[in-house]
Amino acid sequence: MPEQVSTTAVVLTVNGETHTESLPANMLLSEYLRDHLHLTGTHVGCDTSQCGACTVLVDGLSVKSCTVLAVSLDESRIETVEGLAGPDGLHPLQAAFRARHALQCGFCTPGVLMTAAGLLRESPRPSPTEIRAGLDGILCRCTGYENIVAAVGEAAAAIGEAM
Amino acid sequence: MSMTPFRYARPMALRDALADLTEHPEARVLAGGMSLLPLMKMDLAAPERLIDLGRVQELQGITETPDGIRIGAMTRHFELASDEVVGRCAPIVAQAAAHVGDPQVRHRGTIGGSLAHADPAADLPAAMLAADAVIEAASADGSRMIPAADFFVGPLVTELRPGEMLVAVRIPMLQGRRQHYEKVPHPASGYAVVGVAISLAVAGGVVQEARIGVTGVAGHAYRAHAAERALEGEGLNPGVIAKASSLAAEGEEILGDAVYASAEYRRHLLQVTLSRALQRVS
């Protein structure tokens, strides 16, 4: 067992802001975001990479932040739910989740939003089947998913119209 | 959930990674971390040192070779599933990769990590067996080629030796072969209760060569040789499919668990799954 934890230098860009850090290698991305940057919008549910509540985007791709070492993301661009809304207000996904009642307790919602945000970048107009497949990595205990699927479809349409 | 501290290396070159592994034989190699990090979080693994391969350029990328393709060990599942070259030359590999985990896992998990971890219910090992893949392993002393059929030797155990790491996978050109991956996923974990990958060379309605890789039912992924022999030289008619499917577990110890799938259930499901896969390509 190492007697002391050595740290590793990394540069991480979180929601557009660049952070030069020296982090212990065993710090998970979820711990870095929540405990170090105090970005507590990223929730940790199961902490075993099952539930997807901790999902964030790394270089545009959805990942479960509870199962990634922060030090392995040197020079990566990380996006969390705090960065989703723009200066004009809610992101279309957030607006659609609100309009469609796609959440109840809201615990999983940050992860669902970020998973969906990643999905819409890969596939801007997904079919309901593609939305369901894209949300395979998240668990929601309240909604039964129907409203989530509808909201993601509605957000995709709204983004398409705005472009 | 905090992890036990460990020492951490992030080499930029394969040579440096191999030297580090030689110097620290107790180290574990970190690829996408989708298997190793959960094990470490649950204290089922506590390596003193991790060698992170994320920056090693030589382990990235998919290239066409004169006789097939070479896939770097750090190629992620989502890349395998969507890559044009893999889709054209080895569709069975792309199809199996699309079945791994969920989107978040496919964005991080790698082919090298999955194969070296050798979970007995993982998807890619079955595809490697059906594809006649060759595993390229390297150590500080040089590299060697290991046929996929010899690579998987037990639950989480491979033919890799201490000081060796998986650097690439070579897949022969499979264009024109009839290929399919049929999977019955566990409803909670998504791992294969049974997974069957098939690749058949068919000419004039007759199977010239059959490859069948099976995952999920035994201690490691295996080739169903008896079922392959039952297909070769025959047409893909219902009688032949039934005969071949009945031989899918031949010579293998089928594992059962008390909670979800008994050995008897898995053996039956395997027969049904192979039959479905063969019907799909007939």
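Among the residues of segment A:71-81, those identified as buried (at least 17 other Cβ atoms within 10 Å of the Cβ) and within 14 Å of another protein chain (Cβ to nearest Cβ) are A:V71, A:S72, A:L73, A:D74, A:S76, A:I78, A:E79. Among the numbered conditions (1) more than 13 Å from every other protein chain (Cβ to nearest Cβ); (2) within 17 Å of A:L61 (Cβ to Cβ); (3) surrounded by fewer than 23 Cβ atoms within 10 Å (Cβ to Cβ), the only one that B:L80 does not meet is (3). Take the conditions (1) out of contact with any strand residue (DSSP E or B) (no Cβ under 6 Å at 6 or more places or on another chain); (2) within 13 Å of another protein chain (Cβ to nearest Cβ); (3) of a type in the set (S, T, N, Q); (4) under 29 Å from A:F107 (Cβ atoms); A:S49 misses just one of them, which is (1). If I ask for residues that are within 16 Å of B:D102 (Cβ to Cβ) and free of Cβ contacts under 8 Å to residues at least 60 places away in the same chain, which ones from segment A:133-154 would you list? Once the filter is applied, which keeps residues that are within 16 Å of B:D102 (Cβ to Cβ) and free of Cβ contacts under 8 Å to residues at least 60 places away in the same chain, segment A:133-154 yields A:A133, A:G134, A:L135, A:D136, A:C140, A:Y145, A:I148, A:V149, A:V152.
Here's a check for you: in segment B:21-47, which residue that is under 21 Å from B:T110 (Cα atoms) and of a type outside the set (A, V, I, L, M) is farthest from the other protein chains (Cβ to nearest Cβ)? So, considering only residues that are under 21 Å from B:T110 (Cα atoms) and of a type outside the set (A, V, I, L, M), the one farthest from the other protein chains (Cβ to nearest Cβ) is B:R28.
Yes/no matrix, rows are residues, columns are (1) out of contact with any Pro (no Cβ under 9 Å at 6 or more places or on another chain); (2) basic (K, R); (3) within 11 Å of chain B (Cβ to nearest Cβ):
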{"position": "A:K64", "(1), (2), (3)": "yes, yes, yes"}
{"position": "A:L69", "(1), (2), (3)": "yes, no, yes"}
{"position": "A:G83", "(1), (2), (3)": "yes, no, no"}
{"position": "A:L103", "(1), (2), (3)": "yes, no, no"}
{"position": "A:M114", "(1), (2), (3)": "yes, no, yes"}
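Condition check for B:L156 on (1) closer than 21 Å to B:E252 by Cα; (2) touching a strand residue (DSSP E or B) at 6+ places or on another chain (Cβ under 6 Å); (3) free of Cβ contacts under 8 Å to residues at least 60 places away in the same chain; (4) surrounded by fewer than 24 Cβ atoms within 10 Å (Cβ to Cβ): one failure, at (2). Looking only at residues in segment A:24-49 that are within 11 Å of the chain's Cα centre (by Cα) and either small (G, A, S) or outside any loop (DSSP other than H, G, I, E, B) (or both), the one that is nearest to B:M12 (Cα to Cα) is A:S30. When the criteria are applied in full, A:P87 fails the requirement of being in contact (Cβ under 8 Å) with a residue 60 or more places away in the chain, more than 9 Å from every other protein chain (Cβ to nearest Cβ), on the phi < 0 side of the Ramachandran plot and out of contact with any Lys or Arg (no Cβ under 7 Å at 6 or more places or on another chain). Does B:A188 satisfy the criteria of being out of contact with any Asp or Glu (no Cβ under 8 Å at 6 or more places or on another chain), among the hydrophobic types (A, V, I, L, M, F, W, C) and not assigned by TED's automatic domain parsing to the domain that holds B:L115? So B:A188 passes the test. Within segment B:191-200, is there a residue that is without any contact (Cβ under 8 Å) to a residue 40 or more places away in the chain and farther than 20 Å from B:I254 by Cβ? So far as segment B:191-200 goes, no, none of its residues is without any contact (Cβ under 8 Å) to a residue 40 or more places away in the chain and farther than 20 Å from B:I254 by Cβ.
Selection of segment B:134-147 for residues being in contact (Cβ under 8 Å) with a residue 60 or more places away in the chain and not in a strand (DSSP E or B) yields only B:A140. Scanning segment B:106-119 for residues that are crowded, with 24+ Cβ neighbours inside 10 Å and either within 14 Å of chain A (Cβ to nearest Cβ) or among the acidic types (D, E) (or both) returns B:R106, B:H107, B:R108, B:G109, B:T110, B:G113. Among all residues of segment B:63-71, there is none that is surrounded by fewer than 19 Cβ atoms within 10 Å (Cβ to Cβ), within 11 Å of another protein chain (Cβ to nearest Cβ) and modelled with pLDDT of 95 or more.
Pairing residues of segment A:120-132 that are under 14 Å from A:V149 (Cα atoms) with residues that are assigned to a loop (DSSP other than H, G, I, E, B), at Cβ distances under 7 Å and at least 6 apart in sequence or on separate chains, gives A:E130/A:S123.
Residues in segment B:64-86 that are in a helix (DSSP H, G or I), touching a residue at least 24 places away in the same chain (Cβ under 8 Å) and aliphatic (A, V, I, L, M) were compared, and the one that is nearest to B:H99 (Cα to Cα) is B:A81. Could you list all residues from segment B:233-282 that are under 22 Å from B:A201 (Cα atoms) and more than 24 Å from the chain's Cα centre (by Cα)? Within segment B:233-282, B:G233, B:E234, B:G235, B:L236, B:N237, B:P238, B:G239, B:V240, B:I241, B:A242, B:K243, B:S282 meet the criteria.
To keep it simple, each residue is scored yes or no on (1) closer than 22 Å to B:E79 by Cβ; (2) buried (at least 19 other Cβ atoms within 10 Å of the Cβ).
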residue	(1), (2)
A:L90	no, no
A:F97	no, yes
A:Q104	no, no
A:T109	no, yes
A:E122	yes, no
A:G137	yes, yes
A:C142	no, no
A:A151	no, yes
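The values are calculated or read from the model by the stated rules, or taken from the named source; none is laboratory data. Since the model is a prediction, treat every value here as computed from it, not as a measurement. Neighbour counts run over all protein chains shown; Cβ positions are idealised from the backbone, glycine included.
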